[in-house]
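What follows is a set of notes on a single structure, which appears directly below.
The values are calculated or read from the model by the stated rules, or taken from the named source; none is laboratory data. Model, not experiment: these values are computed from the prediction. Ideal geometry is used to build each Cβ from the backbone, glycine not excepted, and the neighbour counts take in all protein chains shown. Just so you know, the surface numbers come from the protein's heavy atoms only, side chains and all, with ligands and any DNA or RNA stripped out. Shrake-Rupley method; radii C 1.70, N 1.55, O 1.52, S 1.80 Å.
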Amino acid sequence: QVRLVESGGGLVQAGASLRLSCAAFGGSFSRYVMGWFRQAPGKEREFVAGISRIGGSSYYTESVKDRFTISRDNVKNTVYLHMNSLEHEDTAVYSCAAGSKYGSSWTHEFGYWGQGTQVTVAS
């Protein structure tokens with residue numbers, strides 16, 4: 001079992017950059033495919049990005065593909081989401097999740113979740 005703790009959210013202006021971190025505790029971090037999801041007010045949770053167990057490959061939802069980068073450090077047991085050129089539409093609570101299926105964007109295929117961190121982009 002793994003516990004996930006996100007950090008790095010905040011209030012930024014449109015066009016700014018932000019890096020989110022998600023630290024994993026209590027489990028074998030490198031066993032898991034890691035993902036970032038987000039949920040905006042009044043909307044369903046949506047997939048943002050995922051990364052393979054050793055970090056050699058990643059996948060993204062189309063709307064962030066050219067702006068966000070997911071990475072991981074298996075020594076530090078941490079996954080990151082580097083967000084550039086932020087837009088007001090990126091405002092959401094961002095959560096990291098651990099799963100077993102690379103390429104999946106389905107929430108039910110990620111078994112462990114963090115509590116989330118708020119990202120607010122002022123237009």
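Numbers at a glance
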{"quantity": "For the chain, built as a Gaussian network whose Cα springs stay under 10 Å, the top-fluctuating residue of 97, 16, 24", "calculated": "16"}
{"quantity": "Antiparallel %, DSSP beta bridges [both residues in the chain], to 5", "calculated": "90 percent"}
{"quantity": "Per residue accessible area of the chain, 1.4 Å probe, in Å²", "calculated": "51 Å²"}
{"quantity": "Whole-percent carbon and sulfur share, accessible surface of the chain, 1.4 Å", "calculated": "47 percent"}
{"quantity": "Max mean-square fluctuation residue, GNM over the chain, Cα-Cα springs under 10 Å, options 99, 55, 27", "calculated": "27"}
{"quantity": "Inter-probe distance in nm under a simple model that places probes 7 Å from Cα toward Cβ, at residue 63 and residue 76", "calculated": "2.8 nm"}
{"quantity": "Accessible area of residue 89 in the full protein assembly, 1.4 Å probe (Å², nearest 10)", "calculated": "130 Å²"}
{"quantity": "Where a label projected 7 Å from the Cα of residue 100 along Cα→Cβ would reach, residues of region 7-28 with amide N under 17 Å", "calculated": "27-28"}
